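The values are calculated or read from the model by the stated rules, or taken from the named source; none is laboratory data. Please read these numbers as outputs of a predicted model, since none were measured by experiment. FYI the Cβ positions are ideal-geometry reconstructions off the backbone, even for glycines, and counts take in every protein chain you see. Accessible surface is based on the protein model in full, side chains and every heavy atom, while ligands, DNA and RNA are left aside. Shrake-Rupley method; radii C 1.70, N 1.55, O 1.52, S 1.80 Å.
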Amino acid sequence: MPQLNGDTAPLHSLDGEEFQVIHHLDKIFSHPSSLSYVSKTSRALRIYQNELDQEISAHVQQQSASDVDSVKRIQAAQADLAELFQKVEGVRQRAIETEEAITEMTADIKRLDNTKKNLTLSMTALKRLQMLTTAYEQLRGLSNSRQYRECAQLLQAVIQLMAHFKSYRSIDQIATLSKNVSDLQREMLEQVCEDFEAAFAKGEIGQRRGMLAEACSVMDALGENARARLITWYCNTQLREYRQLFKGSEEAGSLDNISRRYSWFKRLLKTYDNEHAAMFPPSWRVNELLANAFCETTREDFKGILQKSIRREDGQTLDVDLLLSCLQETLDFEHGLERRFTNTSRASIDTLSSTDGQSPIFSQAISEAFEPYLSLWVESQDKHLSTMIPKYRAQPPRQPDEDFFPQMVISSSTELFSFYRLTLAQCAKLSPGARLVELTKVFAKYLDQYAQQVLLYYISERPSGQTPSKMPQSEDIVLVLNTADYCYNTSTQLEGKIKSRIDHDLKVSIDLQSQADAFMGIASATVRALVRKVEVDIEPAWREMRNTGWSKMESVGDQSSYVAEMLLRITSRAAEILGMLHKQQYARAFCDNIVELTANAYVANIFQCKPISEVGAEQILLDIYVLKKGFEGLLTSNSPPQTAAPSTYIKRVSQAMSRVDPILKTLQVRPSPPEALVQAYLIHIADKSDANFRKILDLKGIRKPDQAHLVELFQAHRASPRNENLQQSSPLLTPMVVGGGSVGGGVPMPTGIGSLSSAASLSTSNLPGRFDPSTFGSAIMTAARDGVDRFGTPALGSSMLNTPAESRMTSPPPANRRPQSPDGGREAIAPGNLNENLRNIGKFFKRDMGGFGGRFGAAKGGEDG
């Protein structure tokens, strides 16, 4: 029988929410034999049901009793709240009753206080009214007797007392008294003005000075309007003669007589100091107001005079010299007024220093009339500068008897900037606005002209007839370099100085950076000209190299003879030039250019040495190693022994001189077996060009019929998957022609700073037998004019292998290039193009110079050149 009573699990399962009847019955009657216990099971379930009913009933009764208790507690709480509200209301009522009682107790006291207050006010008002009436009667009497000192004191008292009765003007007596006081003030004002007019008209100022001084105290008491009326009358009276004497239509009013105007007013101020100053209180500043009135009148006169001068029917224009003379006198006069009426000077024409935080009183008080016509002054500066540039161009860089020193600059540059400084100081004082912007444009214009027509002219060639010109001397080239560096630094300082003096909203329009970059372009050209000196010196060594039988060498020996000659010439010339360069940046640029020049020229000359055997290639590698070691000490050739060159320079030399290594390493491989030569080419040259591969074969001296098999083998190896990432054409070999230099007859030009143009590289471009110096100047001019696209990659450490071939190839002259003029220079082209090219060169040059370390433009030891 299933255990329903002993085992409660089946009964407890009835309480589950997921109770399954069938499942439960299957557990109870799990076997057919258990069906005999159905009746007992039913009885047990009924008993369990009854127990549940009883339990539910007990819980219902318990809950009912609990609800009753809760209701009782809520009702008790509500009763307590009602009682509490009643108590609060009672307290409020008692408070109201207490307040009413206190108010009744203090009502009489308040009435007595109000009565006392009103009585005090009435007594004070009556006393003030009595004082006002008495003072008014006394003031009238004193006014009639012109006792102004006592009148001033009484008038102040009357005005103060009258202010207390403003609220009582509705009373007739008070309104009448107020009207009488106002009438008396007007009568006293008119009386004082009449006394001043009579004293000045009759010339009795000396006799009445004391009375008039006391009368001024009355005007002070009458207020600001009365004081202003008297001062205005005085100024008009004093300037009446001036306005009649110096009318614009009269001769005395012309600009020629401007000094008479200022002399007349100075006499007037002296008269004021001696005769009139004692009459007026110092706080009135009558003399300053008189000066302001004079300035206003004079300014309006000048405006009319200047307008008439511009519109003259006889065609004559305004004389600029007269305009500037008048303006200078006016500025001096304003300066004098500023010095008289303030403790510090307004400005200095040289330093333009002014007191911070203090606004000048007479700044442009009169000179404002001249400002619209200062463009004429700017034009006069333009004309003057236009005469200075040809004069500078005609002068030699230095006088024949003048000794050269490394820090020397061309005297015309310092003279030009001295003129700029003085002109800037004058213009900044005259007009710190639009005229200063115009002057800055004039400065920029002639800085460009000085760079193009003077400095670039000094390093160019000027042949005369059939006489070839000579190369500029090294001293003159260094002189131009120093001057270009000086102009670069000074142009930058000039820009900052102008910005510090111009109006704030116009600062953005000031920019001389383009002119500074143009001077850097000149510096780049001078460095290239110095390198050209070395290039000419080593031309015999290159000729000896080309004449050497590189295909007949049987063994590798010491360095070749041309190497020793080349190093001797380079070091001697470099030592001479480095001794003239006082800034380390330019010395480094010079040495870098020599290294670039030699490396590129070496590549070009190798292709002139056909054929080259394997032993010859190995000998050339040894020669290049010797040159590289020689170049490593080039920068420190003038330094004390054991001085180490900068690591960046050593790295630069190594990169430049190793440029030819891929070609020579390929030439060292024998053509048999052919696979070895092909693999060597793919490894070292690393391109897919059939033409370049044939150049190597030509350079080795392999005959044309024997090249076909090698080319087919090269094409087969080139097509292999491992060579698919090779470049299409080597930038080192592409421009080269075996036996003829580079394509177009030129040589790959240096890619570093100062690389002016391939047109300037004359000794190796067509590899002539001798140097023709007459072409050097036009080459430099061509470089500056043709643009930066012919300069090569500007980065210093760039390798020829990473330089596009077209940027190193010699470009043909532009189609619109005009022929050379009879004086040896090129026909004038657009100055903007030339100047833009110089600016771009200068930008590249500055960027490359910035990689040398230290502050750009600083001299050795931190000294400024």
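Just the accessible area per residue of the stretch 159-205, please: how many Å² with a 1.4 Å probe? It would help to have the intermediate numbers written out before the result.
Working: 2730 Å² over 47 residues.
That works out to 58 Å² for each residue.
How high is the relative contact order of the stretch 563-658, given as a whole-number percent (alpha carbon pairs under 8 Å, six or more residues apart)? Spell out each step's value before the answer.
Details: 46 pairs, mean separation 40.9, N = 96.
Computed over the stretch 563-658, the figure is 43 percent.
Restricting everything to alpha-carbon atoms, can you work out Rg to Rh for the stretch 570-628 with a Kirkwood hydrodynamic radius?
Working: Rg = 14.9 Å, Rh = 13.3 Å.
For the stretch 570-628, the value is 1.12.
Kindly flag which residue pairs out of Lys628/Lys700; Lys110/Lys166; Lys507/Lys583; Lys179/Lys202 have an alpha-carbon separation exceeding 27 Å in this structure.
Values: Lys628/Lys700 25 Å; Lys110/Lys166 29 Å; Lys507/Lys583 32 Å; Lys179/Lys202 34 Å.
Distance filter (> 27 Å) returns Lys110/Lys166; Lys507/Lys583; Lys179/Lys202.
What ranking, highest mean first, results for peptides 118-124, 518-524, 368-374 when packing means the other Cβ atoms within 10 Å averaged over each residue?
Working: 118-124: 10.1, 518-524: 30.6, 368-374: 18.9.
Top of the packing list down: 518-524, 368-374, 118-124.
List the pair-distance distribution P(r) of the stretch 173-253, using every Cα-Cα distance, as the percent of pairs falling in each 5 Å bin from 0 up to the bin containing the longest distance, rounded to whole percents.
Pairs per bin, as whole percents: 3, 13, 18, 19, 14, 11, 9, 6, 4, 2, 1, 1, 0.
7 Å from Cα along Cα→Cβ at both Glu402 and Gln147: what's the point-to-point distance in nm?
Here the modelled spin labels are 8.6 nm apart.
Restricted to Cα positions, what overall size does the stretch 626-701 have along the principal axes? Three whole-Å values, descending.
Taking max minus min along each principal axis of the Cα atoms, the stretch 626-701 gives 52, 20, 17 Å.
Show the residues, 5+ positions off or on another chain, whose built amide H is closer than 5 Å to the amide H of Met736.
Those qualifying (amide H under 5 Å, at least 5 residues apart or on another chain) are Val743.
Kirkwood Rh over Cα pairs of the stretch 522-640 into Stokes-Einstein at 10 °C, 1.306 mPa s: D in µm²/s? Please list the in-between numbers first.
On the way: Rh = 15.0 Å.
It comes out at roughly 106 µm²/s.
Just the number, please: carbon plus sulfur as a percent of the accessible area of the stretch 542-596, 1.4 Å probe, no ligands or DNA/RNA counted.
46
Whole-Å semi-axes of the stretch 72-204's equivalent ellipsoid, largest first, each the root of 5 times a Cα gyration tensor eigenvalue?
On the way: eigenvalues 986, 65, 22 Å².
Calculated on Cα positions only, the semi-axes equal 70, 18, 10 Å.
DSSP loop (so not H, G, I, E, B), at most 12 other Cβ within 10 Å: list which chymotrypsin sites (Phe, Trp or Tyr not before Pro) in the stretch 640-710 pass both filters. Write down the numbers at each step before the final one.
On the way: sites: Tyr649, Tyr681, Phe693; in loops: none.
The qualifying sites: there are none.
Using protein chains only and a probe of 1.4 angstrom, how many square angstrom of Lys665 are accessible, to the nearest 10?
Solvent-accessible area, nearest 10 Å²: 90 Å².
Rounded, prolate or oblate: pick one for the stretch 595-643, where a ≥ b ≥ c are the square roots of the eigenvalues of its C-alpha gyration tensor, a/c under 1.5 means rounded, and failing that, prolate if a/b is larger than b/c, else oblate. Let's see the in-between values first.
Numbers: a/c = 5.82, a/b = 2.21, b/c = 2.64.
Cα axes put the stretch 595-643 in the oblate bin.
Let me test this: with uniform point scatterers at the alpha carbons of the stretch 64-148, what is the Debye-based log₁₀ I(q)/I(0) at q = 0.24 1/Å?
Treating every Cα as an identical point scatterer, log10 I(q)/I(0) equals -1.07.
Cα-Cα pairs above 23 Å in the stretch 433-532: how many percent?
37
For the peptides 264-273, 65-74, 713-722, what is the packing order when you average, over each peptide's residues, the other Cβ atoms within 10 Å and list the highest mean first?
Working: 264-273: 14.9, 65-74: 9.2, 713-722: 13.1.
In decreasing order of mean packing, 264-273, 65-74, 713-722 become 264-273, 713-722, 65-74.
Here is the link list: Lys665/Lys704; Lys303/Lys391; Lys383/Lys533; Lys383/Lys497. Which ones come out longer than 28 Å on Cα distance? Kindly include the intermediate steps, with their values, before the conclusion.
On the way: Lys665/Lys704 22 Å; Lys303/Lys391 38 Å; Lys383/Lys533 39 Å; Lys383/Lys497 23 Å.
Too far apart for the 28 Å limit: Lys303/Lys391; Lys383/Lys533.
Considering only protein heavy atoms, what per residue accessible area in square angstrom results for the stretch 45-154 with a 1.4 angstrom probe? The partial results should precede the final answer.
Numbers: 9150 Å² over 110 residues.
Accessible area per residue, the stretch 45-154: 83 Å².
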